[in-house]
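The values are calculated or read from the model by the stated rules, or taken from the named source; none is laboratory data. Just so it is clear, the model here is predicted, and its values are computed rather than measured. Neighbour counts are summed over all protein chains in view; Cβ atoms, including those assigned to glycine, are modelled from backbone coordinates with ideal geometry.
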Amino acid sequence: MAVQTVTPNTEFRVESAYVYNQTGPVRWVVSHLNRYRLLLAAFFVGMTVTNIFNASIPRQIGSAFNVVTGETAVSDPFHAMLVITLIIIGLAVGRFFCDALASLSMEMVAKRLERDGRDELYLNLLGKSQTFHNRQRVGDVMARAANDVRYVNEMMMPGFSLMYDSMMAIFIPILFIGFIDVRLLLSPLLFCFFYYFAVRFYMHQLEPVSDRVRARFGDMNATLNEAVTGIEVVKAAAQEPQEMGKFLRDARRYRDAFVKEGEVQARYLPTLLIGIAITGAFLHAVYLLNLGEISTGDLVAYMGLMWVLRWPAFSSYFTFYLIQMGLAGADRILDLLQQETELDENASGYTAPMRGEITFDNVSFRYQDGSRDLLHQVSFQAKPGETIAIVGQTGSGKSTLTKLVNRTYDVSNGRLLIDGVDVRDWNLDSLRSQISIIEQDIFLFSRSVAENIAFGLGQQVSQDDIVQAAKEAQAHDFILNFKDGYDTLVGERGVTLSGGQRQRIAIARALLTDPRILILDDATSAVDSATEDEIQKAIKRILQGRTTLLITHRLSQIRRADRVLLIRQGQIVAQGTHNELMATSDLYQRIFARYDI
């Protein structure tokens, strides 16, 4: 199938690369928030004014008590009460609109942060090398892309929104209390002192537990994904009980992490501290009232403001949990973003139409954590338009060799040149757009047949071109037998199609891209002989001037190759035409004695 690369937004990637090298998830989140300064300013202003209005209401109620008790002398008590009532109504209405402004602004920031984080992670994953993806568990990656990004959203709204609201709900009421009488600050300041250490202790205990919860969820999701993806193998081997046991084990670990988190939350102290603070504040205020130092209205206003402090004390329980879960999610996302990849897209690299000359110059390859070379000092040259057949026993390195051509993997030593230019010096998009690969294990997307055929070219292809490619790949007839023809939706990975149908659609996809280099990795292994003959005729017609690397053990295909490479344990042990190798290579003779040709 045609190998295509989505080229991420360059400006976006440069900014992200800078952030990845910084201290951690907080810096990463802030780098995204910098784009929404206006919305954040609206939130901060709206939430601050909301708390000012909120703290002003108890002060007005206190003034009303002074009017009623006569402690504030007024000529017309009814008029004074009416004015205070209207002020309170105005404060309530203003508080409503300011709170709505703040909530809407932060909701927009949170949703956009989630969108940006998911887009960035997706683009970053597309840009990673195949070696990186080989190390990852798909279920865990999906958990990070879906759930962890959502927790980043919730960290901002309601998490950060509640945290700033709580900060203002402490600072502004205390400021108003100071305006009443400085001596009344004793209880709220003591509360703030112990509240700070209680929250710090709570966060210190909650952080590792939150990290463990997110990690356990990733493990459970990975196990579930593997079981569902491999359900055919599970059922064929009657391993349902074993897979159920694995999932229950991971589910128990996830549950235990949540229980531990509940134990930490159960020891949340600020709710106890605010109760003690309000009791102490009331006793202190009554004492000052008996001394005649404050009025009854001051007492009422003071207790109303102390009551406002209940909100941050109670909300912090939920607020810091959301923030900690969001930071844990951001840390898991950043862990993927920061992981090194061997693949350099080389956006400013060499770009030109290919002639199709391939040169392997003492090429060796091993995985980054491998202990031995899978390919060792491989050297050969394919001239433009040549067909090179590659044969060897299973595990000899045939597929690995072809994956170096389009930089699915990068060589470990030596050089691989296309048209005399090292593949690492090519612009990756230009390189891959001129190379098509058809493998034995075909991957089709859960889209229409037409979209799967046109995948390599996207919107740049007409329906007539799609139909023509399908005809040349001998796929047109069976496609028309579907109820919806070319608009038929194939199942995930193409499971609703037979192996031969999937391969013919993949061949049509490759033919449509008009590649300069074509790699066939046992591409016709799942089709019958008659269909294969027709496909080979179609491929032969379009291969004029194109270079082909052909992995096969079918004698009919090998005989048409210009040259045959015999690979054993990652090394080329013989090369020549089929007849030459049959006459000179004992290993080549033994291989064809074993295979059905």
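Annotations
- Segments classed as strands (runs of 3 or more DSSP E), wholly inside the stretch 509-597, with at least 3 members that are in contact with a Gly (Cβ under 8 Å, 6 or more places away or on another chain) and modelled with pLDDT of 65 or more: 563-568
- Residue in the stretch 61-82 that is within 48 Å of the chain's Cα centre (by Cα), among the small types (G, A, S) and assigned to a helix (DSSP H, G or I) present: no
- Verdict on A222 being buried (at least 18 other Cβ atoms within 10 Å of the Cβ), touching a Lys or Arg at 6+ places or on another chain (Cβ under 7 Å) and closer than 30 Å to Y409 by Cβ: yes
- Answer residue from the stretch 142-195, given it is β-branched (V, I, T) and crowded, with 19+ Cβ neighbours inside 10 Å and is farthest from L272 (Cα to Cα) among those: V149
- Matching entry among D298, D335, D331 (being in a helix (DSSP H, G or I), among the charged types (D, E, K, R) and buried (at least 23 other Cβ atoms within 10 Å of the Cβ)): D298
- Subset of the stretch 196-210 that is of a type outside the set (A, V, I, L, M) and surrounded by fewer than 20 Cβ atoms within 10 Å (Cβ to Cβ) - its residue that is modelled with the lowest pLDDT: E207
- Checked against (1) outside any loop (DSSP other than H, G, I, E, B); (2) surrounded by 17 or more Cβ atoms within 10 Å (Cβ to Cβ); (3) of a type outside the set (A, V, I, L, M), G280 meets all criteria but (2).
- Residue in the stretch 409-417 that is buried (at least 20 other Cβ atoms within 10 Å of the Cβ), modelled with pLDDT under 90, of a type in the set (D, E, K, R) and within 31 Å of the chain's Cα centre (by Cα) present: no
- Qualifying positions in the stretch 87-129 - among the small types (G, A, S) and within 30 Å of V405 (Cα to Cα): G127, S129
- Candidates A80, A110 - the one that is in contact with an Asp or Glu (Cβ under 8 Å, 6 or more places away or on another chain) and surrounded by 13 or more Cβ atoms within 10 Å (Cβ to Cβ): A110
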